[in-house]
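Have a look at the structure below before the remarks.
The values are calculated or read from the model by the stated rules, or taken from the named source; none is laboratory data. Predicted, not measured: the structure shown is a model, and the values here were computed from it. So basically every Cβ, Gly included, is an ideal-geometry build from the backbone, and we count neighbours across all protein chains shown. The protein model used for the area step is the full one, side chains on, heavy atoms only, and it has no ligands, DNA or RNA in it. Shrake-Rupley method; radii C 1.70, N 1.55, O 1.52, S 1.80 Å.
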Amino acid sequence: MNIDHEKTKEILKWFEEINKIPRCSKNEEQIARWLIDWAKEHNFEVKSDSVMNIVIKVPGTPGYENSPTVVIQGHMDMVCEKTPDSPHDFSKDPIKMVYEGEWLTADKTTLGADNGIAIAMAMAVSLDKDSQHPPLELLFTVDEETGLTGANALEPGFIDGKILINVDSEDEGVFTVGCAGGINTFLTLPVDFGAIPTGYKQYKIKAGGMKGGHSGIDIALGKANAMRIVGRTLDQLLGADIQLHLADVKGGSAHNAIPRDCEAVVFFAEKDFEAAKKIVDEYSAIFNSEFKKTDPDLLVEIAADDSGSFDKVITLAGTKKVKDFMLVIPHGVAAMSPDIADLVETSNNFANISIEDGKVKVLTSQRSSVVSRLMGHTAAIESVARLAGGEANSGDGYPPWQPNMDSPLLARSVALYEKLFNKKPVVEVIHAGLECGIIGDKNPGMDMISIGPTLKYPHCPDEKIHVGTIGMVWDFIAALLKDLK
């Protein structure tokens, strides 16, 4: 690996320290305490709120003491995903970082560059003796990945600055100035259980090898959803008149991660195994052909299962109902933007499924840059549950960040970037969610932009960051802060 930029090593040093600290969404206590201690060690004013959002105040450098305060913002939590064979324990194990040429990745887990690299950069800026900058507020929020709940909990007056640089975008040379809003919906479907029919054996259907990815960034790529694959497999088995009873199904993880793995525990007569295996093998090949470009390692298998004891199963009618439920829940792009080329306007991620307390439980995550369509798509998904005899409950969600193409910060940023790198940056609106929309709603008059080094495949174990772009983002931030006198 070649690190040419003088500041890249320092930023990666802080990032490595951050990656030693457990910080899955909703478990940010340790990283929050560590940041508070770091601030106190360097005599920076620091405060936290009721949900553990943190703001660290860094004085302006000489000549900038009275300049307008600038907020540098990122989130403390990360999506904790790993491969099925990884022994990693996110509650205590450090992330094992692996360098692959110009890329930094992790050993069979998410890397946490989303958004630990923002924290590392903010820390490096604050301690750099050569930088010139206005007073800074380092705003680090909690629980961004499960619905931007940390940003939603921010109280008015928690920050003073009216200029905000969000470091949670994932393409160097791209300035993000708008994003979709989102809502999570929880669906429950009651099902009837009965005794295991005499002579029936326990089997497990496993769908895996899929790439997954960020449901905001990758939803238009047509990647396979593991729960949909299992649902279609069950449909073929039941359609072949195999009297199959479902005992358990589980798949997916985070609301904003396209599911990579799903498994179903089923019971049926031992005499039907060869026929069932033939169907599963046939459709594994069909699925692999369908998704050969996006998920070339997709695989569906069925085998005898002795991993758990079950004393009851879902009735045959109930099993068919669950299968239908898995097939009818929307997943993927619902509408493209009529105003911005190639921008997904509205989508849904069929994110998670499990069976608990006699009910099928499903999590979906809707996004849209148009509030009315976000609400309409959510209402349609809620209707699916009610039509099936279940219930639906949706969260409050978060608003879209409407772009301001006349932003003074944007104009200044574009001019500076072109001067630094002799090329124009891309200015875009994205389908993924950013905290800027919420922060802007809570702080009227905020001028905002989102930037970041190049990051690939967030929210899955293939996550990696291009090391060479870290120094480029540093150069831009340093130049922008110097210009904001």
Considering only strands (runs of 3 or more DSSP E) fully contained in the range 1-114, which possess at least 1 residues that are open to solvent by 10 Å² or more (accessible area, probe 1.4 Å) and among the hydrophobic types (A, V, I, L, M, F, W, C)? 45-48, 97-100, 103-106
Output the qualifying pairs, or none if there are none: Cβ atoms under 6 angstrom, residues six or more apart or on different chains, first residue in the range 178-204 and more than 30 Å from THR149 (Cβ to Cβ), second residue of a type in the set (S, T, N, Q). ASP192/THR315; GLY194/THR315
If we keep only residues of the range 429-440 that are surrounded by 22 or more Cβ atoms within 10 Å (Cβ to Cβ) and β-branched (Val, Ile, Thr), then the residue nearest to the chain's Cα centre (by Cα) is ILE430
How many residues of the range 115-128 are hydrophobic (A, V, I, L, M, F, W, C), within 14 Å of PRO453 (Cα to Cα) and either assigned to a strand (DSSP E or B) or in contact with a His (Cβ under 8 Å, 6 or more places away or on another chain) (or both)? The answer is 1
Return the residues of the range 22-38 that are touching a residue at least 40 places away in the same chain (Cβ under 8 Å) and under 18 Å from LEU138 (Cβ atoms); say none if nothing qualifies. ARG23, GLU28, ILE31, ALA32, LEU35, TRP38
Only one of these is over 17 Å from the mean Cα position of the chain (by Cα), under 18 Å from ILE465 (Cβ atoms) and modelled with pLDDT of 95 or more: PRO94, PRO87, PRO68. Name it. PRO94
Failed condition for SER131, given (1) outside any loop (DSSP other than H, G, I, E, B); (2) open to solvent by 10 Å² or more (accessible area, probe 1.4 Å): (1)
Can you say whether ASN443 is polar (S, T, N, Q) and closer than 30 Å to ALA379 by Cβ, as far as the supplied structure shows? no
Within the range 461-469, does at least one residue satisfy the condition of being within 24 Å of MET123 (Cα to Cα), open to solvent by 20 Å² or more (accessible area, probe 1.4 Å) and not basic (Lys, Arg)? yes
For the range 381-396: of the residues being among the charged types (D, E, K, R) and either out of contact with any strand residue (DSSP E or B) (no Cβ under 6 Å at 6 or more places or on another chain) or in a helix (DSSP H, G or I) (or both), which is farthest from GLY182 (Cα to Cα)? ARG386
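Here is a yes/no grid of residues against (1) free of Cβ contacts under 8 Å to residues at least 12 places away in the same chain; (2) of a type outside the set (S, T, N, Q); (3) touching a Phe, Trp or Tyr at 6+ places or on another chain (Cβ under 6 Å); (4) closer than 23 Å to ALA254 by Cα:
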position	(1), (2), (3), (4)
LYS278	yes, yes, no, no
SER284	no, no, no, no
ASP295	no, yes, no, yes
LYS312	no, yes, yes, no
PRO330	no, yes, no, yes
ILE353	no, yes, no, yes
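Let's see how each residue does on (1) more than 24 Å from GLY147 (Cβ to Cβ); (2) in contact (Cβ under 8 Å) with a residue 12 or more places away in the chain; (3) open to solvent by 40 Å² or more (accessible area, probe 1.4 Å); (4) of a type in the set (Phe, Trp, Tyr):
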| residue | (1), (2), (3), (4) |
| --- | --- |
| ALA341 | yes, no, yes, no |
| ASP357 | no, no, yes, no |
| LEU374 | no, yes, no, no |
| LEU387 | yes, no, yes, no |
The residue from LYS278, LYS292, LYS250 that alone is of a type in the set (Lys, Arg) and over 24 Å from GLU463 (Cβ atoms) is LYS278
Has the range 253-263 got at least one residue that is at pLDDT 95 or above, over 25 Å from the mean Cα position of the chain (by Cα) and assigned to a loop (DSSP other than H, G, I, E, B)? no
Hand me the list of strands (runs of 3 or more DSSP E) wholly inside the range 265-380 holding 2 or more residues that are among the basic types (Lys, Arg). 359-368
Residue in the range 395-418 that is open to solvent by 60 Å² or more (accessible area, probe 1.4 Å), modelled with pLDDT of 95 or more, touching a Leu at 6+ places or on another chain (Cβ under 9 Å) and not acidic (Asp, Glu) present: yes
So, in the range 441-485, of the ones that are part of a strand (DSSP E or B) and within 22 Å of the chain's Cα centre (by Cα), which residue ends up nearest to ILE159 (Cα to Cα)? MET448
